1. Would you check if Ala35 is over 24 Å from Ala134 (Cβ atoms), modelled with pLDDT under 95 and open to solvent by less than 10 Å² (accessible area, probe 1.4 Å)?
2. Would it be correct to say that Ala43 is out of contact with any Ser or Thr (no Cβ under 7 Å at 6 or more places or on another chain), buried (at least 21 other Cβ atoms within 10 Å of the Cβ) and modelled with pLDDT of 95 or more?
3. When the residues of the range 13-63 are narrowed to those that are under 28 Å from Arg353 (Cα atoms) and polar (S, T, N, Q), which ends up farthest from the chain's Cα centre (by Cα)?
4. Which residues, taken from the range 7-21, are open to solvent by 20 Å² or more (accessible area, probe 1.4 Å), touching a residue at least 60 places away in the same chain (Cβ under 8 Å) and on the phi < 0 side of the Ramachandran plot?
5. Could you pull out the residue among Gly98, Gly72 that is at pLDDT below 95 and either surrounded by fewer than 22 Cβ atoms within 10 Å (Cβ to Cβ) or at negative phi (or both)?
6. Need pairs with beta-carbon distance below 9 Å; first residue in contact (Cβ under 8 Å) with a residue 24 or more places away in the chain and within the range 353-365, second open to solvent by 70 Å² or more (accessible area, probe 1.4 Å) and not in a loop (DSSP other than H, G, I, E, B); sequence gap 6+ or separate chains.
7. Take Phe148 and decide whether it is in contact (Cβ under 8 Å) with a residue 40 or more places away in the chain and either crowded, with 20+ Cβ neighbours inside 10 Å or in contact with a helix residue (DSSP H, G or I) (Cβ under 9 Å, 6 or more places away or on another chain) (or both).
8. Considering only the range 218-235, state which residues are of a type outside the set (Lys, Arg), surrounded by fewer than 20 Cβ atoms within 10 Å (Cβ to Cβ) and not in a loop (DSSP other than H, G, I, E, B).
Amino acid sequence: MLDLVVRDARLQDGKTVDIGIADGRIAAVSPRIDAECPTVEAAGGLVVPGLVETHLHLDKACILDRCNIVEGTVAEAVRETAAAKRAFTAEDVYARGGRLLEKCIVNGTTRIRTHVEVDPGIGLIGFDAVRQLAQDYNWAVDVELCVFPQEGLLNNPGTDALLVEGLRRGAKLVGAVPYFDTDPRGQIDRVFEIARDAGVDIDMHLDLADTTDGMQVEYVCRKTEEHRYGGRVTVGHVTQLSLLPPERFGAIARRLADAGVAVTILPATDLFLTGRAQSHAKPRGVVTAAEILAYGGNCSIATNNVLNPFTPYGDGALVRMANLYANVCHIGQPAALAECLDMVTARAAAILRLSDYGIVPGNPADLVLLDAADPALAVAEIAPPLWGIKRGRQTFTRTRPVLHTP
């Protein structure tokens with residue numbers, strides 16, 4: 001007995017099917033399903049298994065009104081956010097994070113990894129608020145927490161214990177920001193130790209700078225192999241990779257793939273923060289995924305920050321982020337555009353190590369209808385999501401605009 005049937009859904013491989021749902025899971029995928037139950041029409045539109053956000057900051061979203069952006073640098077963003085954090089309360093974090101979370105939901109996101117800052121100044125206030133958000137919005141989106149030391153670890157006594165406590169309270173990952181510590185490799189070493197002891201994965205902010213000095217990505221690959229952590233480590237930003245000549249970039253792309261270190265590309269933030277020192281011929285700071293993927297590595301495209309000093313804009317729309325990445329990286333061929341959609345769906349799901357992702361029987365019925373005929377056009381046209389389903393229950397709808405012709 002089916003609870004719901006999605007009619008005339010076009011999948012990413014071009015097939016058009018009906019999708020039968022029972023008890024919150026996909027029960028059947030077939031060219032035609034005959035069943036006496038409610039239906040939802042896709043009308044030949046593109047249905048994907050929910051968008052996946054691999055790198056978001058719910059705790060410090062929507063604080064532009066509390067900050068002053070003058071330099072537009074990473075250092076300024078950290079300073080301004082650190083100052084604003086002193087006034088954060090659990091209620092405040094919950095309200096702002098909820099505002100962004102709802103935007104993510106109506107833009108088709110059904111799974112999220114969010115990074116949450118812990119340090120002696122904020123303690124676990126942000127963590128506890130975001131953990132409550134994850135519980136309260138579970139009807140529409142699955143949220144996993146990554147605790148990380150934005151303001152340093154070794155040079156910020158008390159932070160280490162807070163990372164460990166956050167993991168004890170349910171965080172699924174530990175993060176790092178080596179470029180904000182006095183001993184970057186010491187921080188990397190300690191984070192690997194914490195992850196190993198807790199049995200959790202790692203997601204680092206790494207190599208965000210305008211020059212190639214002090215890159216740590218190869219060291220992270222080495223530590224990943226030493227700890228046998230292949231497939232369990234992700235690095236975000238790595239803007240320094242975008243500055244390398246082809247031969248050097250290719251060697252590191254292969255190294256990332258061989259070590260099993262995934263890369264999350266954050267176009268909006270990296271475009272905003274990098275290239276500030278140059279008066280002309282500014283670097284873009286956005287890593288192109290193609291060569292990493294060609295060597296067998298994995299990449300996702302993600303949002304990062306929204307309406308704060310790191311990124312003073314954003315709406316939580318991953319299809320828009322995929323389009324921005326395509327623009328910056330000169331992507332125009334249909335297959336390459338479709339790959340951009342993969343980096344906010346299947347490839348992003350692989351980074352989260354989701355074993356139950358995809359439109360196949362037995363998986364959770366997490367579905368989103370994009371107003372597009374195929375994956376390439378979805379990215380090219382920034383196709384809006386028209387409805388979403390989470391575990392078999394419809395979570396949002398969006399009405400197409402109507403022209404009022406004379």
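The values are calculated or read from the model by the stated rules, or taken from the named source; none is laboratory data. Because the structure is a prediction, the values reported are computed rather than measured. In this analysis, Cβ positions are derived from the backbone assuming ideal geometry, glycine residues included, and neighbour counts consider all displayed protein chains. The area values use the complete protein model at the heavy-atom level, side chains included, leaving out ligands, DNA and RNA. Shrake-Rupley method; radii C 1.70, N 1.55, O 1.52, S 1.80 Å.
1. On the way: over 24 Å from Ala134 (Cβ atoms): yes; modelled with pLDDT under 95: yes; open to solvent by less than 10 Å² (accessible area, probe 1.4 Å): no.
It is false that Ala35 is over 24 Å from Ala134 (Cβ atoms), modelled with pLDDT under 95 and open to solvent by less than 10 Å² (accessible area, probe 1.4 Å).
2. So Ala43 does not fit the description; no.
3. Ser30
4. Once the filter is applied, which keeps residues that are open to solvent by 20 Å² or more (accessible area, probe 1.4 Å), touching a residue at least 60 places away in the same chain (Cβ under 8 Å) and on the phi < 0 side of the Ramachandran plot, the range 7-21 yields Arg10, Leu11, Gln12.
5. Gly72
6. The qualifying pairs are Pro361/Arg25; Gly362/Arg25; Asn363/Arg25; Pro364/Arg25; Ala365/Arg25; Ala365/Arg393.
7. Yes; evaluated as a whole, the condition is true for this residue.
8. Residues of the range 218-235 that are of a type outside the set (Lys, Arg), as a first pass: 218-221, 224-227, 229-231, 233-235.
Next, only the ones that are surrounded by fewer than 20 Cβ atoms within 10 Å (Cβ to Cβ) stay: 218-219, 225-227, 229-231.
Result: Glu218, Tyr219, Glu225, Glu226.
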